[in-house]
1. Does A259 fit the bill of being surrounded by 18 or more Cβ atoms within 10 Å (Cβ to Cβ), touching a Pro at 6+ places or on another chain (Cβ under 9 Å) and either among the aliphatic types (A, V, I, L, M) or not in a helix (DSSP H, G or I) (or both)?
2. Any chance segment 396-405 includes a residue that's surrounded by 15 or more Cβ atoms within 10 Å (Cβ to Cβ), within 30 Å of F261 (Cα to Cα) and touching a Ser or Thr at 6+ places or on another chain (Cβ under 7 Å)?
3. Find the residue count for segment 633-681, including only residues that are touching a residue at least 40 places away in the same chain (Cβ under 8 Å) and part of a helix (DSSP H, G or I).
4. With the structure loaded, tell me whether H541 is touching a strand residue (DSSP E or B) at 6+ places or on another chain (Cβ under 6 Å) and surrounded by fewer than 17 Cβ atoms within 10 Å (Cβ to Cβ) or whether it fails that test.
5. Only residues that are touching a helix residue (DSSP H, G or I) at 6+ places or on another chain (Cβ under 7 Å) and more than 21 Å from V453 (Cα to Cα): list them for segment 655-688, please.
6. Would you pick out the residues in segment 17-32 that are assigned to a helix (DSSP H, G or I) and small (G, A, S)?
7. Consider only pairs whose beta carbons are under 7 Å apart and that are at least six residues apart or on different chains; among these, list those whose first residue lies in segment 99-112 and is on the phi > 0 side of the Ramachandran plot and whose second residue is outside any strand (DSSP E or B) and of a type outside the set (K, R).
8. Can you give me the number of residues within segment 361-376 that are assigned to a helix (DSSP H, G or I) and surrounded by fewer than 12 Cβ atoms within 10 Å (Cβ to Cβ)?
Amino acid sequence: MSVSAPTPAARLPVDRQPAATELAERAARYAALEWLSRPVWVFDIDGQCVHWANTPALAVWNASTLAELCGRDMGHDMSESVAQRLAQYQSDFVLRGNTSFNEQWTLYPGGVPVSLNVRFSGHRLPDGRMSMLCEGEPVGVVPPESLRSVEALLHTAVMITLYSQSGEALYRNPAARAVVLSPGERLQDRIGNPAAFAALSRSLEQQGVATLTLAVRTPQGDRWHELSARRCNDAITGQDAVLVSEADISAIKHTEERANFQSLHDVLTGLPNRAHFTQRFARAMEEARAQSMEAALLLINLDHFKDVNDTLGHAAGDELLVALSQRLRHTRHGTEVLARWGSDEFLVLLTSPRIRADLDALHERISVALAAPLSVAGTPLCVTSSMGVALYPQDGDTIEILLRNAGLAMHAAKERGRNTLVYFDGSLAEIARNRTELEKELRQALEREEFEVYYQPRVDVATNTLRAVEALVRWNHPRLGVVLPAQFIPACESMGLIGQLGLWVLAQAAHQQVAWAAQGFDLVVSVNLSPRQFASPDLLHDITGVLRQAGVNPARMELEITESMLLGEDQHVLGVMRELSALGLTMALDDFGTGYSNLAYLQRFPIHTLKIDKTFIQDTDANRSLAELIVSLSTLMKLTAVAEGVETQEQLDWVAKRGIAQYQGYLYARPMPVQALTDWLLSHPPKP
């Protein structure tokens, strides 16, 4: 195997060529080497030029004089791989002292290939810089290093082919030969797609390198390959050539396709999930506006579904959901978009020029389909549903508003005895007034400091050692008692209070981390970051101020974001996350697996931790396939996987068997106020 080291005829500018006195000094310095019969020269790695050469070396380099050879700019057309190799030599000479390397190199003086076995050793120039002494021998006995490189080339799984400029294969290693359909296959045949081949050719012409991911036909069937190409020279003829390496990434592509499908579909029913529905909604609204049609969101909630889970078990509940989702599929007439929205909730998007008539017909079909008797876990069941409808555009022009109003209508259907459909209208204003009252109380709660931060431990699965705590806000309502965040955070989001509340929680958590560290408990404290906070232009300034005021080590603070924040303006999100990481903060992706992220581009973001959503941890083994995929993804990307919502020993055993690093949940500890957790830490100090 030869390493190309093309040498151009280009020369250094006159003012950079060594003066006659300098050449004389060099000749005197290396006089003892001048009489050697083999070619010897000193190469200035930093200057990328020959520093000195004896007479046989001048002949090898096809140079008439030492001055002419030393004046050549060797770096003018030097390939990147050769430059990197020379830099490696220089580093090794500096670090390892008296060391040398033997390799077979092909030089190209004047474009004519000359192959030598060359011994490289470190050599200090008079100014102290490290250069290398090169001693050449005609190619004869191949040194061990060359044999090993040939062996590696023969046995590697990477497919390597050298093509001529016109595309004929000049050489293939065994791995490459095994995947071609015919020995005469050319590079353009390999790529197949003329447009792709043209793009690759342009990249090679303009940049000297090219990368392409493509499907290729092989004797083993169609496979996905990542192809990397680089311009080079043929060591035999000296002609321009293209060196191509291919890696089989079929397994990664299939995993990506599966992950992409699962990220857009509900794992249990196979129906579109929230992310998929949201995308379809945007397109449907554009079509509705263009065609002057109305649209509607129909929210379906199964009546008494909780009773099925409580009496027959969650497995029976899952069986029922699968059966009913199939029935709902059959009620569509081709234009409706059906999705599973939540545990026992389904959502239908309908567009029509006669929306009321079509909705009433759809309601009838759904009611008949769901009411047909079925058997679950050996028990006969009859199912009904409560439905709420919000119309576009009169009841709202965004998916958020329409969903809220459809939800209000659905709850009204529940209150009216279930098994009915209710359209959103002004009679539901009382619910809105109640919400207004809640918003008023929330504003007062901030002023009266009624909020309190609880902390839930996060534990190492293998050692049961406390690793971190998650900060969780609670509302100490003067009338209702302790209110959980699910009951007030959505209102804070819609009111614009979440930024103020979120910053307060971060400040409390940062000060508490410092206080615990002073007591000997230097824990990582994780704080949730809401979508509204994340979108704020003042986010970086606010967080920097909190960290500085608290005097906390940013490396001991972790920010948790949800998958939905990775959607939208990708570059903006990436920029914000990089700025937060630059502060020293770590980033966690919360509730991972609920169906928002495109796993294929997740690696672009500076994520350190994936928190697997509790719905997967608390599910049955048969329905945990996505969780296992997430664990594999974490391992591949070297991220810390955290299982959320671990409540039973069986769930912890499953988590441990999958190699998940950490967990949190009621099995270990519930969220606790500061003093309770401090007392707990004093009696159960974390192990180092």
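1. Numbers: surrounded by 18 or more Cβ atoms within 10 Å (Cβ to Cβ): yes; touching a Pro at 6+ places or on another chain (Cβ under 9 Å): no; either among the aliphatic types (A, V, I, L, M) or not in a helix (DSSP H, G or I) (or both): yes.
Here the answer is no, as A259 does not meet what is asked.
2. Scanning segment 396-405, I find at least one residue that is surrounded by 15 or more Cβ atoms within 10 Å (Cβ to Cβ), within 30 Å of F261 (Cα to Cα) and touching a Ser or Thr at 6+ places or on another chain (Cβ under 7 Å), so the answer is yes.
3. Final tally of qualifying residues: 8.
4. Working: touching a strand residue (DSSP E or B) at 6+ places or on another chain (Cβ under 6 Å): no; surrounded by fewer than 17 Cβ atoms within 10 Å (Cβ to Cβ): yes.
No: the conditions fail for H541.
5. V655, R658, G659, I660
6. In the first step, residues of segment 17-32 are kept if they are assigned to a helix (DSSP H, G or I); the result is 20-29, 31-32.
Matches in segment 17-32: A20, A24, A27, A28, A31, A32.
7. G110/A9; G110/N62; G111/G238
8. Our first condition is that a residue be assigned to a helix (DSSP H, G or I); within segment 361-376, this holds for 361-371.
From what's left, surrounded by fewer than 12 Cβ atoms within 10 Å (Cβ to Cβ): 368.
The number of residues fulfilling the criteria is 1.
The values are calculated or read from the model by the stated rules, or taken from the named source; none is laboratory data. The model shown is predicted, which means the values in this text are computed figures rather than measured ones. Reconstructed Cβ throughout: ideal geometry from the backbone, glycine too, with neighbour counts over all protein chains shown.
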